């Protein structure tokens, strides 16, 4: 039995010395006179001398800008810090920089789906396709600042579309095709898109899902749309009926590719939006999070090179959908000259260990997996390291849920002994990580190796006191470039401020429980707010309530998500029924069907229970966080103040539920 914090792996000196991080430290010594021989002093410098650190990133990677920046950072205030004012850059230009160096056989994307065989897209093909599509988008009247959205599977066409949109200074946003119509409209209607990329459907687990009707409903609900780019993916003869201004993907791409010399990337100002990502909140519509070209560029250059150690010859594979920020990070691997593997389909179809086969077939050097996925492997008695050739594999990144010591230990038993196993934690809000990996550090069981460079991450108590070896709030006390520049349709910045800065003035509070130990290792203990985190995808409780409380039988409801040992989750829904109704399988099925149709399968709860009353505060807020704490084993008196409740007797049900329920097994976070 492995224990938390047990040393599992130490990098060989040769591994450290060929890392990008080591080369950067040597450059700092030569060019800046800074002699760092270990990671932690480098990290401390990066969050103390913020301007010097980010200037070094700019210079080290020779960021291409049409104009020089006036200053790295205008002030250290949050929110509102401005990065590299005066610069004009384009993120897509840097994604394709390696094209000029790539050899004929170098791969940009490996790609596979349940309808297509394994294929490879080289750098020249990628560059040509991006330039063709970008040119055509300009001919269609798409201009810098216009919003372009996507309802497409995880295919190379989607990646090409994303890069092309960014290349011309338009703003990208994506929803996965498994999202229901309501989910998509709630997101896209906020940003008033000019153009949409859409596919006819997708295949998952051997079953086809036709989305033509959904696409029509979505386009009908978006009056600002001027163009629909149509990809017949499931059926090459599929047509989109009843929709105007539809252009077939293949017809659009049937032009001569502009040369690299003739094509011009749209270099944009320091605060120009690159994309809009959506993260569900606890109230109102999903948050429309806006990042900038320059902020994401310097952050991803740092992340991909120094924390993940990608380089030419690497291949990053992380199972993702196009509605998750991990799709953006897969594409970001191109910044390093690495390739990325795109897969669309069921991760366990046709066999449970299918993703490992794909990793072997593509020569993946980095493999992304969730702790839940590992648990499935372990229960099935699978050891992919014995079955597949994983000799190219150097790193496994466990993400999407807190990792246990057993998760880490399985990789060394089931995959290979010499393996850099790391866990990460960050968020859609920053399209990156706060805590994660460093190739020069050892691996301890269940422990995230370190805080990332340039991220001034601390663990704070409720009183703002910094904690060591105790669980507190994950906060960031200094600005960083990939902070959102704003939320869309949040002119006064109120919602942005309320989301991250309403607890500690001028300090980013992320909403995760964090423990940092004496050696700097990090542990994430789930959400500290009421946002639901299910397998790494954040779901806003407001989305659940909007659907559930439209059911004719439901008067009120409350939902929480509990992180359990082994990377599992338990997401129960508690409903108060209207007079005259009693809970039944029929009512439960109706609720689940509505959530699946309105949003996605991830929105469907694990169990539904009838309750007499939903607990509320005196100010009328549902007590999601206190109820989650009680279900996770906290003492009721520490989890909730009865004096602050409108209906304190409502707590009794949940206290008894936590004590007697056999539907889940909790771990006592409060004593962690």
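The values are calculated or read from the model by the stated rules, or taken from the named source; none is laboratory data. It should be emphasised that the depicted structure is a prediction, and the values quoted were computed from it without experimental measurement. A quick note on method: Cβ atoms are made from the backbone with ideal geometry, for glycine too, and the neighbour counts reach across all protein chains shown.
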Matching entry among 302, 287 (being outside the structural domain of residue 366 (by TED's automatic domain parsing), buried (at least 23 other Cβ atoms within 10 Å of the Cβ) and touching a helix residue (DSSP H, G or I) at 6+ places or on another chain (Cβ under 8 Å))
287
Considering only residues that are part of a loop (DSSP other than H, G, I, E, B) and free of Cβ contacts under 8 Å to residues at least 60 places away in the same chain, which ones fall in the range 13-26?
18
Could you grab me the full set of residues in the range 555-564 that are touching a residue at least 60 places away in the same chain (Cβ under 8 Å) and over 25 Å from the mean Cα position of the chain (by Cα)?
558
Taking the conditions exactly as written (surrounded by 19 or more Cβ atoms within 10 Å (Cβ to Cβ) and either at pLDDT below 95 or more than 27 Å from the chain's Cα centre (by Cα) (or both)), does residue 659 satisfy them or not?
no
May I ask you to list the residues in the range 350-376 that are at pLDDT below 90 and either part of a loop (DSSP other than H, G, I, E, B) or farther than 20 Å from residue 321 by Cβ (or both)?
370, 375
Can you tell me which residue among 342, 297, 310 is modelled with pLDDT of 95 or more, part of a helix (DSSP H, G or I) and assigned by TED's automatic domain parsing to the domain that holds residue 53?
297
The range 76-87, subset in a loop (DSSP other than H, G, I, E, B) and out of contact with any helix residue (DSSP H, G or I) (no Cβ under 9 Å at 6 or more places or on another chain), residue surrounded by the most Cβ atoms within 10 Å (Cβ to Cβ):
82
Is it the case that residue 377 is crowded, with 16+ Cβ neighbours inside 10 Å, over 23 Å from residue 515 (Cα atoms) and touching a residue at least 12 places away in the same chain (Cβ under 8 Å)?
yes
Which one of these is surrounded by fewer than 24 Cβ atoms within 10 Å (Cβ to Cβ) and either within 25 Å of residue 110 (Cβ to Cβ) or more than 23 Å from the chain's Cα centre (by Cα) (or both): 216, 182?
216
For the range 388-433, which strands (runs of 3 or more DSSP E) that fit wholly inside it have 1 or more residues that are over 18 Å from residue 319 (Cβ atoms)?
420-423, 425-427
Which numbered condition in (1) part of a loop (DSSP other than H, G, I, E, B); (2) crowded, with 18+ Cβ neighbours inside 10 Å; (3) in contact (Cβ under 8 Å) with a residue 12 or more places away in the chain is the only one that residue 36 fails?
(3)
So residue 112 clears everything in (1) within 25 Å of residue 312 (Cα to Cα); (2) part of a strand (DSSP E or B); (3) more than 25 Å from the chain's Cα centre (by Cα) except one condition, right? Which one?
(3)
Residue count for the range 405-419, restricted to those that are within 21 Å of residue 517 (Cα to Cα) and surrounded by fewer than 23 Cβ atoms within 10 Å (Cβ to Cβ)
3
Among 159, 176, 164, which is the only one that is in contact (Cβ under 8 Å) with a residue 40 or more places away in the chain, under 29 Å from residue 128 (Cα atoms) and not in a helix (DSSP H, G or I)?
176
Mind listing whichever residues of the range 179-211 are in contact (Cβ under 8 Å) with a residue 12 or more places away in the chain and part of a strand (DSSP E or B)?
195, 196, 197, 198, 199, 201, 202, 203, 204, 208, 209, 210
Test residue 365 against the criterion of being out of contact with any helix residue (DSSP H, G or I) (no Cβ under 8 Å at 6 or more places or on another chain), in contact (Cβ under 8 Å) with a residue 40 or more places away in the chain and more than 22 Å from residue 116 (Cα to Cα), and give yes or no.
yes
Does residue 65 qualify as being over 30 Å from residue 504 (Cβ atoms), outside any helix (DSSP H, G or I) and touching a helix residue (DSSP H, G or I) at 6+ places or on another chain (Cβ under 8 Å)?
no
Picking from 329, 382, which residue would you name as being in contact (Cβ under 8 Å) with a residue 12 or more places away in the chain and over 22 Å from the mean Cα position of the chain (by Cα)?
382
Can you give me the number of residues within the range 225-282 that are in a helix (DSSP H, G or I) and surrounded by 14 or more Cβ atoms within 10 Å (Cβ to Cβ)?
2
If you check 443, 475, 468, which single one turns out to be assigned by TED's automatic domain parsing to the domain that holds residue 371, under 22 Å from the mean Cα position of the chain (by Cα) and at pLDDT 95 or above?
475
Filter the range 378-413 down to the residues that are in contact with a helix residue (DSSP H, G or I) (Cβ under 9 Å, 6 or more places away or on another chain) and at pLDDT below 85 and list them by number.
378, 399, 400, 401, 402, 403, 404, 406
Give the number of residues within the range 313-337 that are at pLDDT below 95 and part of a helix (DSSP H, G or I).
2
